[in-house]
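Working notes, beginning with the structure itself.
The values are calculated or read from the model by the stated rules, or taken from the named source; none is laboratory data. Keep in mind that what you see is a predicted model, and the values were worked out from it rather than measured. A quick note on method: Cβ atoms are made from the backbone with ideal geometry, for glycine too, and the neighbour counts reach across all protein chains shown. Just the protein is used for accessible areas: all its heavy atoms, side chains included, with ligands, DNA and RNA removed. Shrake-Rupley method; radii C 1.70, N 1.55, O 1.52, S 1.80 Å.
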Amino acid sequence: MAPSLEAPEAVEDVLANPLKQKPQLVAPEPEHCPGPESEQAGVADSCAGCPNQKICASAPKGPDPDVPLITARLAGVKHKILVLSGKGGVGKSTVTCQLARAFATNPDITVGVMDTDICGPSIPKMLGVESETIHISSAGWSPAWAMDNLAVMSIQFMLPNRDDAIIWRGPKKNGLIKQFLKDVEWGDLDFLLVDTPPGTSDEHLSVNTFLKESGIEGAVIVTTPQEVSLLDVRKEIDFCRKAGIRVLGLIENMSLFVCPKCTHASEIFRATTGGGRALAQEMGIPFLGSVPLDPRIGMSCDYGESFFDSFPDSPACKALKSVVRTLADQIGLDPNEIMPADKS
């Protein structure tokens, strides 16, 4: 296939207008055209007689009117944290659930998890609320509660059958993410964790645009040790910098395999270039810690149970608690108030 000669959109334009679809013009833009996205589009003197005049006049312009509504709805949420990774299969959703469970072990902390992986919603299964449905009241959509202090919202709750495929284009995904933020009755939360799909595309741009006015605390980036994963994670870090999202730190997931019986550690994914710690140092971002590969984490997610309750003394549990303490420190919170250190 011959390469496309179409010039790519400028990064600044994509970040500034990620949700607006450019109007489908029926004729080329004439000389002195103000541009189809201009405030003068369709009404300027130079638009008279142009075949595109009605199309340009009806095209969306100006800031999204729903952003102030989202800001008001999320006024009770103290810390909004994105969980990102340019690479699929690194355990991003698993890490999101474990972070949420870890925060929720403190009864004084209320946590929300928003699943924006529209085509692969796995958060409800991992948190044990897969069979829940959305309840709608005058206050808005009610999230499902995995614990007394752990709320969840996902498209999984809206599917007639749990195995139904979601075959949507970008604009429809963006609309649902907006509803998750604007219409869900999140209430007062200490943390809202936003699980995202791999990549740097529609869902990521939508969340960043909708939350920018209300304030994003930052992003936690998940990787595995091998270079194939680090290649895509570098792109995700670059996305955060271009989008103005603070990188709170990098988590290296599945760093080692710890045998549940003998506790011997083996390298499953060999860190040929130094792994997550070396990448964090190279990119100048905090390293939050390494989490070993423990099959009991996967088992806990399959059954929707808390890994922290079932295996509190495991190396993976201790590593996750250390990650939470380091993350709390990056946000400016007292780690001892969020996650007291193990006395052992």
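Working carefully through the options 222, 194, find the one that is within 25 Å of residue 128 (Cβ to Cβ), touching a Leu at 6+ places or on another chain (Cβ under 6 Å) and not charged (D, E, K, R). I'd like the intermediate steps shown before the answer.
Working: 222 fails: touching a Leu at 6+ places or on another chain (Cβ under 6 Å).
Exactly one of 222, 194 is within 25 Å of residue 128 (Cβ to Cβ), touching a Leu at 6+ places or on another chain (Cβ under 6 Å) and not charged (D, E, K, R), namely 194.
How do the pairs read when you match residues in the stretch 97-118 that are more than 25 Å from residue 178 (Cβ to Cβ) with residues anywhere that are of a type in the set (D, E, K, R) and outside any loop (DSSP other than H, G, I, E, B), using Cβ under 7 Å and keeping only pairs 6 or more apart or on different chains?
From the stretch 97-118, the pairs are 102/321; 109/190.
Here is a list of conditions, (1) buried (at least 17 other Cβ atoms within 10 Å of the Cβ); (2) at pLDDT 80 or above; (3) out of contact with any Asp or Glu (no Cβ under 7 Å at 6 or more places or on another chain); (4) more than 30 Å from residue 279 (Cα to Cα), and residue 55 meets all of them except one; can you say which number that is?
Checking residue 55 against (1) buried (at least 17 other Cβ atoms within 10 Å of the Cβ); (2) at pLDDT 80 or above; (3) out of contact with any Asp or Glu (no Cβ under 7 Å at 6 or more places or on another chain); (4) more than 30 Å from residue 279 (Cα to Cα), the one that fails is (2).
Is at least one residue of the stretch 268-285 closer than 24 Å to residue 105 by Cα and open to solvent by 20 Å² or more (accessible area, probe 1.4 Å)?
Within the stretch 268-285, none of the residues are closer than 24 Å to residue 105 by Cα and open to solvent by 20 Å² or more (accessible area, probe 1.4 Å).
Could you grab the pairs with beta carbons closer than 8 Å, sequence gap of 6+ or different chains, first residue in the stretch 182-200 and in a strand (DSSP E or B) and open to solvent by 10 Å² or more (accessible area, probe 1.4 Å), second one of a type in the set (Lys, Arg) and at pLDDT 95 or above?
The qualifying pairs are 190/78.
Restricting the first residue to the stretch 42-58 and requiring it to be at positive phi, which pairs with a second residue that is assigned to a helix (DSSP H, G or I) meet a Cβ separation below 6 Å and a spacing of at least six or different chains?
Matching pairs, first to second residue: 42/53; 42/56; 42/57.
With respect to residue 140, is the statement that it is within 20 Å of residue 173 (Cα to Cα), surrounded by fewer than 19 Cβ atoms within 10 Å (Cβ to Cβ), within 14 Å of the chain's Cα centre (by Cα) and in contact (Cβ under 8 Å) with a residue 60 or more places away in the chain true? Even if it seems obvious, please write down each step before you answer.
Working: within 20 Å of residue 173 (Cα to Cα): yes; surrounded by fewer than 19 Cβ atoms within 10 Å (Cβ to Cβ): yes; within 14 Å of the chain's Cα centre (by Cα): no; in contact (Cβ under 8 Å) with a residue 60 or more places away in the chain: yes.
No; evaluated as a whole, the condition is false for this residue.
Examine the stretch 148-161 for a residue that is open to solvent by less than 30 Å² (accessible area, probe 1.4 Å), more than 30 Å from residue 297 (Cβ to Cβ) and without any contact (Cβ under 8 Å) to a residue 24 or more places away in the chain, and state whether such a residue exists. Give the steps one after another, and end with the answer.
Initially, the stretch 148-161 is screened for residues open to solvent by less than 30 Å² (accessible area, probe 1.4 Å), giving 149-157.
Okay, now just the ones that are also more than 30 Å from residue 297 (Cβ to Cβ), so none.
Checking the stretch 148-161: not a single residue is open to solvent by less than 30 Å² (accessible area, probe 1.4 Å), more than 30 Å from residue 297 (Cβ to Cβ) and without any contact (Cβ under 8 Å) to a residue 24 or more places away in the chain.
Determine whether residue 330 is crowded, with 16+ Cβ neighbours inside 10 Å and of a type outside the set (A, V, I, L, M). Lay out the reasoning, then the answer.
Working: crowded, with 16+ Cβ neighbours inside 10 Å: yes; of a type outside the set (A, V, I, L, M): yes.
So residue 330 passes the test.
If a residue must be hydroxyl-bearing (Ser, Thr, Tyr) and part of a loop (DSSP other than H, G, I, E, B), how many such residues does the stretch 227-286 contain? Full working, then the answer.
Here is the first cut: in the stretch 227-286, the ones hydroxyl-bearing (Ser, Thr, Tyr) are 229, 255, 263, 266, 272-273.
Those still in the list that are part of a loop (DSSP other than H, G, I, E, B) too: 263, 272-273.
Of the residues in the stretch 227-286, 3 are hydroxyl-bearing (Ser, Thr, Tyr) and part of a loop (DSSP other than H, G, I, E, B).
For the stretch 165-175, how many residues meet the condition of being under 12 Å from residue 119 (Cα atoms), surrounded by 11 or more Cβ atoms within 10 Å (Cβ to Cβ) and of a type outside the set (Phe, Trp, Tyr)?
Our first condition is that a residue be under 12 Å from residue 119 (Cα atoms); within the stretch 165-175, this holds for 165-170, 172-173.
Among the residues that remain, those that are also surrounded by 11 or more Cβ atoms within 10 Å (Cβ to Cβ) are: 166, 168, 170, 172-173.
This time we only want the ones that are of a type outside the set (Phe, Trp, Tyr), so: 166, 170, 172-173.
Result for the stretch 165-175: 4.
Only residues that are charged (D, E, K, R) and either part of a loop (DSSP other than H, G, I, E, B) or open to solvent by less than 10 Å² (accessible area, probe 1.4 Å) (or both): list them for the stretch 90-121, please.
To start, the set of residues in the stretch 90-121 that are charged (D, E, K, R) comprises 92, 101, 108, 115, 117.
Listed by number, the residues that qualify are 108, 115, 117.
In this structure, does residue 276 turn out to be in contact (Cβ under 8 Å) with a residue 24 or more places away in the chain, on the phi < 0 side of the Ramachandran plot and of a type in the set (Gly, Ala, Ser)?
Working: in contact (Cβ under 8 Å) with a residue 24 or more places away in the chain: yes; on the phi < 0 side of the Ramachandran plot: yes; of a type in the set (Gly, Ala, Ser): yes.
Yes: the conditions hold for residue 276.
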